[in-house]
Structure formats: C-alpha cells, structure tokens
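The values are calculated or read from the model by the stated rules, or taken from the named source; none is laboratory data. Since the model is a prediction, treat every value here as computed from it, not as a measurement. Here the Cβ positions follow ideal geometry from the backbone for every residue, glycine too, while neighbour counts run over all protein chains shown.
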Amino acid sequence: MKKRKIDYFSLDKMYSIKNDMIKNHPKVICIFLFAVSCLFLLVSTLTFIKSFNFDETVEKANYSINGASDYTVYLKDNDYYETDYLNSGMKYVASLINTINVKFDYEVHANKDLDLDYTYKIVGNLKVYDKDNSGKVLYTKIYDLSEPVSKKINSNNLVINEDVNIDYGLYNEHVNKYLAEYGLLADAELEVSLNVYINGEYDHSQQNIASGKVMTIKIPLSEQTLDIKIDNSEVSSSDRLFDSSSYSVSNLGLFIVSAITLIISVYLVVLSTKLTKKYIDENIYTITLNKILKEYDRIIVNGNVTIDENKFSNKVYIDSFEELVDASQSFNEPILFYDVVPGEKCFFIIIKGDTLYKKRLSKAYLENQKRIKNSVDEVTKKDKKEETTEKTVTKKTVKKQSKKSGK
C-alpha cells in the first residue's frame, strides 16, 4: 500500500491522515532482543569450550608385573653325583631322576595401594604327541597339583611364591604304559603351570588391571635324557592406570565471561518473551490491522481521496472484513482505509454510487472478543475435565459392581 492522504468528514469532524503502514516498534525491539540473546549465547558457548580442558587423561597409578619360574632336579641314590640334586639349566638322565621341585614367583608392585582381587593354582597337563611331525595330541590328562587360592587385598604389593614336587617316575611310568599298550612311538611331556588371574583398580579409575598369566615348565617324558624348558614369555610387563575424559577449567577468565554472557543471554530471552507476550496482549488492534493491510494490500486505495459521509444517503455497516472484500470484488471498487484514532480505531469503506459501505475496527471490540473467547475456552476445558472425571468414576463403579456380581 503506497503512502496517501485521505480527508474524511463525518458529522462535525474532519480527519486528515497520512496512511503509512503502522510502525511496529515493540515487535522490532523483541526481535532485536532475541537476536542479541542468541549472540550472547554463542559467545557463552565458545568461551565455555575455550575455558575448559576436555578429554584430559590423568594418570592414577602405575604398576609392574613380574613372573619367574625355576626348578631343581632331585636324584635317586647313585655312584656318580656327589650331591643329591642338580640345578636348572642342565641335561638330566631320566633313570636317575627322583623328583623335580618346581618353583613359581609372581609379583605385582605399584606406586599406590590397589584393590586387588586374584586367584591362582598350579596344574599339570600331561600330553602325548604323534611322532610324525604333525604335533597333534594323541592323549592328554589334567592334574590339579594345588588347591585354588582366591584373595582380595588392598596393597601396593602382591607376592605369590609357590612350589610343587613332581614325582617324575609316576608320570613317566604312566606314559610308558600307554605307549607300550598300544605299540606307539610318540613324544610326551608334562606341562607344570601356575595360572594367575588378577583384577585390580585404583580409586574407581576407569581403567583397571585385568590380567591372566601362565608360567610353565615343560618336562619331557619317556626319554633317556631330559632337557627341561622354562616358558615365562609375556609374564613380565608394566603399565599405568588412567582416568580419561576428565574436565578441568584451564582459563578462569574465559569461564567467568562464559557464565556472565550466559546469564545475559537467559535474561534477554526471558525479557524478549515477556515483551512479546505483552505486545501481543496490548496490541491486538495493531496486529490485526497489520495483517489486514498486508493480506489485502492490492484492493486498498492509493492516491488522494476526500470523503464526506454526510453526502451519502445510504450507509451499510458490514459485520466482517471478508464481507467487505466480497463487496469490493463484486462492485470492482477499492477499499478506502483511514485511522480515526491511531492505535485505537479505524474505518474501512467502499463507495458505490450514493451508498457507503463501512466496516469499523476498534481495539475495544477486539479485546472484548478475545475475553469472550478465553472465557469460552476455560468453560470448555472445565467441561472436558468434568466429563473425563465422570467417565472415570463411572468405570470404577461399573468395575466394582462387576466384581460384586461375580462373587
């Protein structure tokens, strides 16, 4: 709608209005406040991220695991060896061996006390292998060489020292009997192992010690001479316990800025929301008028117009603006708009011959219509609530009666 000047005479009054589109300063202020609050929220978010140190890895404790095994070969009475035992690392005549004492040492050391839950036991695994170089097992038998031990401690040191005596002749005889009975040529050995399972943590750290270690000594059977092998591979290790994803303020200044801008952002959002609600409540006339002027801009008159209501013998008062639009389209006449009291009351008219079609729009009327609508809505909500309550009570009553009838 272009700017225009309308002179309107009604009874003893005359209105002269420059019909600019109504300026909506409160709305602009609300939009501005909301935009500024978004800007402060962005600044708050960025400074918050910059002020924190994220994904920091903090060392809680460090520890080491060490394992070692050894053995001593005790001999039968003989005329050749001056001692009754031989140390590890030699080759031994099978017929001279009485027992083999196997020793296991397992230790965990940490720089801080750990909550340790551990279990261990010594087992023997007798194996007979095919001698065609395939290495496939023909026969196996498991022996429990010690009772399982389970403990929980809180300490920075864990030490396990265990030993077991192996009756070499017992196992060797068992294998020889098996081979002779079936006429086999095979290799055989007894694996003596310490199996240790440990679970530990420090101060509820996110990482923990979860370890299963095996230390093994392999004793050949059904041989004339023995070469006993020690396997402690992958037993010794060291590591650290960490807490990851910890957060700490690395820049206090930025953190304070982040907090302040967040408070300002929240305040501006609340303020703009209140102003918007207040604007809508107090400017129902302005909002309605703006909507009409925008939606029907094409059929609202342009240019200079002079209107004297006293000159028209017929005056028709229209109930709704839609009816006025229909009349405008039917008569092919523009709608003339002018303020009576800016921000309070205005007229829309159509002139057709000596007839003036008129539609009043006032703030008082719109506010009254809104109050009536709100009252009707409240009554409707109350009726629905009462209806729901009544249905619930009825269902409960019917249910009780049904139960009584069933009895």
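A few notes on this one:
- Restricting the search to strands (runs of 3 or more DSSP E) fully inside the range 77-152 and requiring at least 2 residues that are in contact with a Phe, Trp or Tyr (Cβ under 8 Å, 6 or more places away or on another chain) and of a type in the set (Gly, Ala, Ser) gives 97-130.
- Strands (runs of 3 or more DSSP E) completely within the range 286-373 that count 1 or more residues being within 30 Å of Thr276 (Cβ to Cβ): 336-341, 345-352, 355-362
- Each residue in the range 202-219 was checked for being of a type in the set (D, E, K, R), part of a strand (DSSP E or B) and at pLDDT below 85, and 1 of them qualify.
Residue by residue, here is whether (1) closer than 21 Å to Asp70 by Cα; (2) basic (Lys, Arg) holds:
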{"position": "Thr140", "(1), (2)": "no, no"}
{"position": "Lys152", "(1), (2)": "no, yes"}
{"position": "Ile166", "(1), (2)": "yes, no"}
{"position": "Tyr178", "(1), (2)": "no, no"}
{"position": "Tyr202", "(1), (2)": "no, no"}
{"position": "Gln224", "(1), (2)": "no, no"}
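- Leading residue by the ranking (farthest from Pro220 (Cα to Cα)) among those in the range 169-192 that are surrounded by 13 or more Cβ atoms within 10 Å (Cβ to Cβ) and among the hydroxyl-bearing types (Ser, Thr, Tyr): Tyr178
- Options Lys294, Lys311, Lys345: the member that is within 55 Å of the chain's Cα centre (by Cα) and either of a type in the set (A, V, I, L, M) or modelled with pLDDT of 80 or more (or both): Lys294
- Filter pass, Ser146 being without any contact (Cβ under 8 Å) to a residue 60 or more places away in the chain and surrounded by fewer than 17 Cβ atoms within 10 Å (Cβ to Cβ): yes
- Qualifying residue in the range 73-80 (condition: basic (Lys, Arg), in contact with a strand residue (DSSP E or B) (Cβ under 9 Å, 6 or more places away or on another chain) and in the same structural domain as Gln224 (by TED's automatic domain parsing)): yes
- In the range 71-99, residue farthest from Leu116 (Cα to Cα) [restricted to those that are within 60 Å of the chain's Cα centre (by Cα) and at pLDDT below 95]: Gly89
Residue-wise test of (1) modelled with pLDDT under 90; (2) in the same structural domain as Glu189 (by TED's automatic domain parsing); (3) exposed (fewer than 14 other Cβ atoms within 10 Å of the Cβ); (4) within 30 Å of Ala186 (Cβ to Cβ).
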residue: Phe52; (1), (2), (3), (4): yes, no, no, no
residue: Asp105; (1), (2), (3), (4): no, yes, no, no
residue: Tyr129; (1), (2), (3), (4): no, yes, no, yes
residue: Leu138; (1), (2), (3), (4): no, yes, no, yes
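- Filter result for Ile166 (surrounded by 13 or more Cβ atoms within 10 Å (Cβ to Cβ), of a type outside the set (Phe, Trp, Tyr), part of a strand (DSSP E or B) and in contact with a Ser or Thr (Cβ under 7 Å, 6 or more places away or on another chain)): yes
- Every listed requirement among (1) at pLDDT 95 or above; (2) in a strand (DSSP E or B); (3) of a type outside the set (Asp, Glu) is met by Tyr171 save one, (2).
- Scanning the range 229-252 for residues that are in contact with a helix residue (DSSP H, G or I) (Cβ under 8 Å, 6 or more places away or on another chain) and either part of a helix (DSSP H, G or I) or modelled with pLDDT of 75 or more (or both) gives Asn251, Leu252.
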